[in-house]
Amino acid sequence: MKKPLFIIAAALLTLNYACDNSKTTTESTGIKSEERESVGNPADVSADAGTFQIKHLDYNYDAFPEYIDAKTMEIHYSKHYLGYINNMNKELSAAGNTSDDIVDILSNLDMNNTALRNNAGGYYNHLLYFDLLSANPEKAPTGELAEKIDATFGSLDDLIDQLKDAGAKQFGSGWSWLVVKSDGSLAVTATPNQDNPLMPGAASESGTPILGIDVWEHAYYLKYQNKRPEYLDNFFQVLDWKQVEANYDAAVGQ
Ligand code: MN
């Protein structure tokens, strides 16, 4: 009788070991697949037929995961930004607007047209935002913009502090901006929702945005949850000042 019991015990131990082993394998595979979370390709995203189309990214969603995670980038670009474009095209048709100049549309916007205001703002703001991000950013501006920043704000760090502060203090959803005013001077301002400083009376400082920081939760919540200031810190790790300079040159007509 002892021998069969021994065999059963040995068999149970083997089974137990096999189960544990397979459990470990499953768990480690699960963790690995989570780390390798698959995301789509931004080049596959296209807007519905309409006046405005989506501008493709020159980086992938996982270009800078330590600062902005790939899933956030994918949802932000392929759902939120795309949605604003498609809805804006519909609203422009409904309003009988034939202009294809987004700056002209926003500068002459009927602020009571809430649907167009939200979606045309959403289009312009995200066009600016996604162009500013880079995996290999220039960490400081040069030339005239650099000089003007020092003269206006004291230093680049002082400007960055003001931009972070404006973003952190914006209640609810909105944007923090660096704008070029009509007299060529620089100012920091903020707007709620998808408003921007081009829209009539939308910001305390009107002007042409050359840097915009999206502080909607959809821009950071998966990685940062309620820690908006941490997202604001890390935004400056992927902000390409070369693009801000190009925006400045365009704004002052150089
Ligand atoms: Mn956004």
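The values are calculated or read from the model by the stated rules, or taken from the named source; none is laboratory data. As the structure is a computational prediction, the values presented were derived from the model and not from experiment. Reconstructed Cβ throughout: ideal geometry from the backbone, glycine too, with neighbour counts over all protein chains shown. Each accessible area value is taken on the protein alone, full model and side chains, heavy atoms only, with ligands, DNA and RNA left out. Shrake-Rupley method; radii C 1.70, N 1.55, O 1.52, S 1.80 Å.
Observations on the model:
- A Cβ distance below 6 Å, combined with a sequence gap of six or more or placement on separate chains, defines the contacts here; from the stretch 155-173, residues that are within 17 Å of K227 (Cβ to Cβ) reach residues that are assigned to a helix (DSSP H, G or I) and open to solvent by 40 Å² or more (accessible area, probe 1.4 Å) in the pairs A168/P229.
- One residue from K148, K139 being surrounded by 14 or more Cβ atoms within 10 Å (Cβ to Cβ), in contact (Cβ under 8 Å) with a residue 24 or more places away in the chain and basic (K, R): K148
- Within the stretch 77-97, restricting attention to residues that are of a type outside the set (F, W, Y) and in contact (Cβ under 8 Å) with a residue 40 or more places away in the chain, the residue that is most open to solvent (accessible area, probe 1.4 Å) is K90.
- Selection status of Y129, of a type outside the set (A, V, I, L, M), in contact with an Asp or Glu (Cβ under 7 Å, 6 or more places away or on another chain), part of a helix (DSSP H, G or I) and within 16 Å of the ligand (Cβ to nearest atom): yes
- Hits in the stretch 188-227 (condition: in contact with a helix residue (DSSP H, G or I) (Cβ under 9 Å, 6 or more places away or on another chain), open to solvent by 10 Å² or more (accessible area, probe 1.4 Å) and either of a type in the set (D, E) or within 22 Å of A246 (Cα to Cα) (or both)): V188, A190, L198, G207, T208, E217
- Which numbered condition L116 fails, given (1) under 20 Å from the mean Cα position of the chain (by Cα); (2) buried (at least 22 other Cβ atoms within 10 Å of the Cβ); (3) more than 15 Å from W241 (Cα to Cα): (1)
- With respect to being part of a loop (DSSP other than H, G, I, E, B) and within 16 Å of the ligand (Cβ to nearest atom), Q194 fits the description.
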